[in-house]
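Colleague: My questions will all concern the structure given below.
Computed from the coordinates by the stated procedures, all read-outs in this text should not be read as laboratory data. A quick note: this is a predicted structure, and the numbers were derived from the prediction, not measured. Positions of Cβ are backbone-derived with ideal geometry, glycine not excepted, and every protein chain shown enters the neighbour counts.
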Amino acid sequence: MAENTKRTVVVTGGSRGIGRAICLAFADADTHVYFNYSSAATAAAETEKLVADASGKATGMCVNVADQKSVEDFMDKIVEETGRIDVLVNNAGITKDGLLVRMSEQDWDDVMDINLKGSFFCTKAAARVMMKQRSGNIVNITSVVGASGNAGQANYSSSKAGMIGFTKSVAKELAARGITVNAVAPGYIETDMTAEMSEKATAAMMGRIPLCRAGKPEDIAGVVRFLTSDMASYITGQVIHVNGGMYI
Ligand code: NAP
C-alpha cells in the first residue's frame, strides 16, 4: 500500500560524499528519499540519520547499480511503497585511474559498468514510472573531465563523456512526457574520492581553480535541487558545470 508521500526522490550512491549532500538537500517533511550504496552500511545509516535530523526521511539500500535485476527490484520496491518516482539522481560512481598503456580491461569495464551502464539501468527503470506519471526530473552527475579529458583517467573520462551524450539523447526522448534530463559536471570536490589523490596532484589541481578553493558536496547538491525545482522546468538536455572556473 503506497504511503502518503508527496514526492519520491531516488539518489544513487547516497551513503557518502556528494550523494549524501544531495540526500540532505531533499530533507523535508513531504519527501521520501531513497538512496543506494554498494558496501558502506555504516555510512548509509549515518545518511539516514542526518536526513531524519533535518526533518526529512531517507531509506538506504545496498544495491549495485551495475546489476540490472537489483536495480529493477530497488525501483519496484520504491514504487510499491510510495506509488511514484519524481526525481532520479544518477550519482554513484567510481574511479580506477591509470595510464592508458597500463590500464587493464577489468579497470576499464568496472568504471564503465558502474558509471555509465549503471546510469542506463537506473534511468530505464525510473523512466518507465515517470512516463506513466507524465512528470519527473533526472539529473546525471558527470564530471569536468568528461568534457576536458584527463591524463590517467581514460576509463573515467570516457564514462563521464558517455553520460553527457546519454543525458542529451534521453532528454530528447522523454521531453514530450514532461520529464527533464540534465547533467551536473563537478570539478574538484572534497570527498573520499578526491582524498585518494596525492598531495602533488591535489596542489596541481588547486592551481587550476580560478576561485581558489576546492568545491564542497553542497555546491553540487544545490544545483541538483535547482534542476529538480519548478524554477528549472524549462531546462532540459543541459550540462551545468560547477567547478570554480576550472574549465571555462
Ligand atoms: P564517493 O565519496 O567515492 O562516493 C561514491 C558513492 O557511490 C558512495 O555512496 C558509494 O557507495 C556509491 N557507489 C559506488 N559504487 C557503487 C555501486 N556499484 N552501486 C551503488 N553505489 C555505488 O564519490 P563522490 O566524490 O561523492 O562522487 C559522487 C559522484 O560525483 C561520482 O559519480 C563522481 O564520479 C562524481 N564526481 C566527483 C567529483 C569529486 O571531485 N569528488 C568530481 C567530478 C565528478 P559505497 O560507499 O557503498 O561504496
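Colleague: Quick one: Ile94, Ile235, fewest Cβ neighbours within 10 Å first, how do they rank? Write out the running numbers ahead of the final one.
Modeller: Working: Ile94 18, Ile235 15.
Arranged by neighbour count, lowest to highest, Ile94, Ile235 become Ile235, Ile94.
Colleague: Roughly speaking, what is the stretch gain from Ala201 to Asp53, that is 0.36 nm per residue apart minus the C-alpha to C-alpha distance, in nm to one decimal? Numbers along the way, then the final one.
Modeller: Values: separation 148, 0.36 × 148 = 53.28 nm, distance 3.63 nm.
Extra length from Ala201 to Asp53 when fully extended: 49.6 nm.
Colleague: Search the structure for amide H atoms under 5 Å from the amide H of Val239, placed 1.01 Å from N in the peptide plane, and list their residues when 5 or more places away or on another chain.
Modeller: Ala183
Colleague: Then there is this: With 10 angstrom as the radius, rank Arg208, Arg134 by how many other C-beta atoms surround their C-beta, starting from the fewest.
Modeller: Final ranking by Cβ density, sparse to dense: Arg134, Arg208.
Colleague: Please state the charge dipole magnitude for segment 88-134, taken about the Cα centre, from unit charges on C-beta atoms (+1 on K and R, -1 on D and E), reported in debye and rounded to the nearest 20.
Modeller: Computed charge dipole of segment 88-134: roughly 520 debye.
Colleague: Pulled fully out, how much extra length does the chain show between Lys172 and Glu105, if you take 0.36 nm times their separation in residues and subtract their Cα-Cα distance?
Modeller: Between Lys172 and Glu105, full extension yields an extra 20.9 nm.
Colleague: Please find, in a Gaussian network model of the chain (springs between Cα atoms separated by less than 10 Å), the residue of Gly56, Gly136, Gly178 whose mean-square fluctuation is greatest.
Modeller: In this elastic network of the chain, the residue with the biggest mean-square fluctuation among Gly56, Gly136, Gly178 is Gly178.
Colleague: To the nearest 500 deg cm²/dmol, what mean residue ellipticity at 222 nm is calculated for the chain from DSSP H runs of n ≥ 4 alone, each contributing -39,500 (n - 2.57), summed and divided by the residues?
Modeller: Working: 10 runs with 109 residues, N = 248.
Roughly -13500 deg cm²/dmol at 222 nm, from the helical runs in the chain.
Colleague: Exposed loop sites here are GluC sites (Glu not before Pro) in DSSP loop states with at most 11 other C-beta atoms within 10 Å. What is the longest stretch of the chain lacking them? Before the final figure, lay out the partial values.
Modeller: Numbers: sites that count: Glu3, Glu196.
After excluding every exposed loop site, the longest remaining stretch is 4-195.
Colleague: Amide H of Asn64 versus every other amide H placed in the peptide plane: which residues, excluding those fewer than 5 positions away on the same chain, fall under 5 Å?
Modeller: Under 5 Å from the amide H of Asn64: no residue qualifies.
Colleague: Running a GNM on the chain with Cα contacts under 10 Å, which residue among Asp28, Asp76, Asp192 ends up with the highest mean-square fluctuation?
Modeller: Per the Cα network of the chain with a 10 Å cutoff, Asp192 tops the list.
Colleague: Which lysines have a Cα less than 25 Å from the Cα of Lys172, not counting those fewer than 8 places away in the same chain?
Modeller: Lys117, Lys124, Lys132, Lys160
Colleague: Okay, next question. What are the trypsin sites (Lys or Arg not before Pro) within segment 1-51 that DSSP puts in a loop, where the Cβ has at most 12 other Cβ atoms within 10 Å?
Modeller: Taking segment 1-51 and a limit of 12 other Cβ atoms within 10 Å, the loop trypsin sites (Lys or Arg not before Pro) found are Lys6.
Colleague: Over the chain, with a Gaussian network built from C-alpha contacts below 10 Å, which listed residue (Ala45, Ala25, Ala221) shows the highest mean-square fluctuation?
Modeller: Looking only at Ala45, Ala25, Ala221, the largest GNM fluctuation is found for Ala45.
Colleague: Sticking with this one: What are the extents of the Cα atoms of segment 77-218 along their three principal axes, in Å, largest first?
Modeller: 50, 36, 28
Colleague: Per q in 0.07, 0.14 Å⁻¹, report the Debye log10 I(q)/I(0) for the chain, using one uniform scatterer on each alpha carbon and no solvent.
Modeller: Values returned for q = 0.07, 0.14 Å⁻¹ are -0.21, -0.89.
Colleague: About its Cα centre, how strong a charge dipole does the chain have in debye, to the nearest 20, once Lys and Arg get +1 and Asp and Glu get -1 at the Cβ?
Modeller: I would put it at about 700 debye.
Colleague: Moving to a separate point now. Given the options Gly56, Ala45, Ala126, identify the residue whose Cα lies farthest towards the positive end of the charge dipole of the chain (+1 on Cβ of Lys, Arg; -1 on Cβ of Asp, Glu).
Modeller: Ala126
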